[in-house]
Amino acid sequence: MAVSAVLAVGLALAACSPTPDLELELPPQSATALPDATVEQLQAAVENAMVSAGASGAIVGVWAPWSGSWVAGLGAQSPADGAAEVAADMQFRASRITRPMICDVLYAAVAEGKVKLDDPVSEWVASVPVLEDVTLEQLCDSTSGIGAYAPHLLPMWLSNPERTWSPRELASFGLGEARTTKPGVAYRDSDAGYVLLGLALENALDAPAAELIEEYVAQPLGLEQTHLGGLTGDTVLEGLFSPPVEGGKRNCVEPLDVTDVSPSSAYTDSGVVSDIDDLGRYAQALATGALQPGVDDRFADPAPAGASAPSWNTVAGGAVQAGSLIGQFGAVPGYTTAAFSDPGTGLTIAVVLNNSAGGAGFGAYLAWELAAIASKAPAAAGEAAPEAGLPWTAEQYHAEIVKRAICAPAA
C-alpha cells in the first residue's frame, strides 16, 4: 500500500483553514506525530478494511491530543495498474455526516426564534398533510417513522448517474413506505426525513440549503473544503462501487467509477463534500456542541440505534453516540465515511474508503477500531494519557470487518 502526505505533525486541525470564528473547548493537541508503533497498528487496520471493503484507497485522520496525530492517504485511486496514489488532502463526499450539519442549522434557527423544534413538518413543507403529527425535531432525531429512499434509487443512480433529482422526488420514495412506528417512539434510519428537514429549513429561513450549511456550519468553523453540492476540490478521491458477481460477493478488481453520481441524489441527507481535516474538525465541533452554546438537550434523550444495538450505541440530534464518541457514519455511491470525537479527551477519528458497495458499516467499524487503538497511545513527553476507555476492543471490530468482506477471490 502506498502511503502519501503524512501530515498534521504538530499542527492543529484548523491550521490549514481560514481563521475560524469558533474555538473548540478541547484538550490542546500534542505537537508531535503519533508513535511509530501506534501508526503501524492504525495503518494495518485501515489496510485490512480496504481489502474487506474492496477499496483501492483510503484517507484517514487520527488525533489523540495527549499523544500526537496521524493523517495519511493510503493506496491508489483505483485498482487499475498505474493509478495515481491517494493523497491526504483529497476531497470526497462525506455521506451522512451531512445529517448533523442540517440539524446544526435547525438548532441555530430555533435559537434565532425562526422555528420551533416541535413545529409540524406540514407547517414548513407544503403538500405533506400526512406529516402533521411529525415535528422538525423528530426529523433531526430520525424518530419520525418515515422510510428511506436510497434502497429504491441506488440502481438508478448507478445506471444514470447524471440525472438530477428534486428533493421532493427523493422524499416521496421514503414517504411511500409504510410507517411502522408512531412519531417519536423509536429510531428508524430515514434519509427522506433529513431531505424533508432541509426543505423545511429552506422555507423557514428563505435560503437554499447550501447557503444555510455554509452560513451556520462551514464558515463559523473555517471549513474551506466543506460545502453542500458537487465535488470541486483541486484533487478529488475517485469513488468506486463493486458490482455483484456469482456467489454473493462483489467484483473488486473491476469496480464501477461512480465519482460523478449527481450530488442531487443526496441533498441534505448525504450531499456534503469535505476533506479529512475539515471532517475531523467538524466531528470535534459536533461532539463539544460548539455551534450551539447553551444547548444541553440535543443528545440528552437518545434512542437505541437498533433492536440489536449494544447499550452504548445510541442516536440523537442527527448524530451517533458510540460510548464516549459522538459523530456519524454512512455511505453514498463511491464513498464510505465516518467521523467521531470524544468531547472529554479530544480523541478524534475521521476516515473515508473509496468503495461503497459494502455499505455504511465498514466506516463505523473502522472508526471504532482506530479509536480503540489510538485510545491506548502512550502519552508524549509532558502529557498525561486519559484514564477513560471504550466499551469495545480493536480486535472485536477488526474481526467484524473481516467477517463482512465483500470481495470475490481474484481469478
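Of interest is the spacing of the C-alpha centroids, which for the stretch 42-111 and the stretch 270-301 amounts to 16 Å.
Using the Cβ of Leu34 as centre and a radius below 14 Å, the other residues enclosed give a net charge of -2, where K and R count +1 and D and E count -1. Karplus-derived 3J(HN,Hα) values for the stretch 195-202, using 6.51 cos²θ - 1.76 cosθ + 1.60 with θ = phi - 60°, are 5, 5, 5, x, 4, 4, 6, 4 Hz; glycine and proline are entered as x. With a ≥ b ≥ c the root eigenvalues of the C-alpha gyration tensor of the stretch 269-385, is it rounded (a/c under 1.5), prolate (a/b larger than b/c) or oblate? Verdict is rounded for the stretch 269-385. Cross-link reach is defined here as a Cα-Cα straight distance under 30 Å, omitting same-chain residues fewer than 8 places apart; for Lys116 the lysines meeting it are Lys182. From helices alone, the chain scores -9000 deg cm²/dmol at 222 nm; the rule is -39500 (n - 2.57) for each run of n ≥ 4 DSSP H residues, then divide by the residue total. For Ala108, the shell of other residues with beta-carbons less than 11 Å away shows a net charge of -2, using +1 for Lys and Arg and -1 for Asp and Glu. For a straight C-alpha distance cut-off of 26 angstrom, no lysines are reachable from Lys114 once same-chain residues fewer than eight places away are disregarded. How big is D, in µm² s⁻¹, for the chain by Stokes-Einstein at 20 °C and 1.002 mPa s if Rh is the Kirkwood radius over C-alpha pairs? This corresponds to a translational diffusion coefficient of 102 µm²/s.
Sites listed here are chymotrypsin sites (Phe, Trp or Tyr not before Pro) in the stretch 40-73 whose DSSP assignment is loop and whose Cβ has at most 16 other Cβ atoms within 10 Å, and the list is empty. Checking every one of the GluC sites (Glu not before Pro) in the stretch 323-411 against DSSP loop status and a limit of 14 other Cβ atoms within 10 Å picks out Glu387.
Shape verdict for the stretch 177-257, please, from the Cα gyration tensor: rounded (a/c under 1.5), prolate (a/b greater than b/c) or oblate. Because a/c hits 1.5 or more and a/b fails to exceed b/c, the stretch 177-257 counts as oblate. Sort the stretch 231-332 into rounded, prolate or oblate with this rule: let a ≥ b ≥ c be the square roots of the eigenvalues of the Cα gyration tensor; rounded if a/c is under 1.5, and if a/c is not under 1.5, prolate when a/b is larger than b/c, oblate otherwise. Because a/c hits 1.5 or more and a/b fails to exceed b/c, the stretch 231-332 counts as oblate.
FYI, it's all coordinate maths here, none of it is from the lab. Everything numeric in this text was worked out from a predicted model, so none of it was measured. FYI the Cβ positions are ideal-geometry reconstructions off the backbone, even for glycines, and counts take in every protein chain you see.
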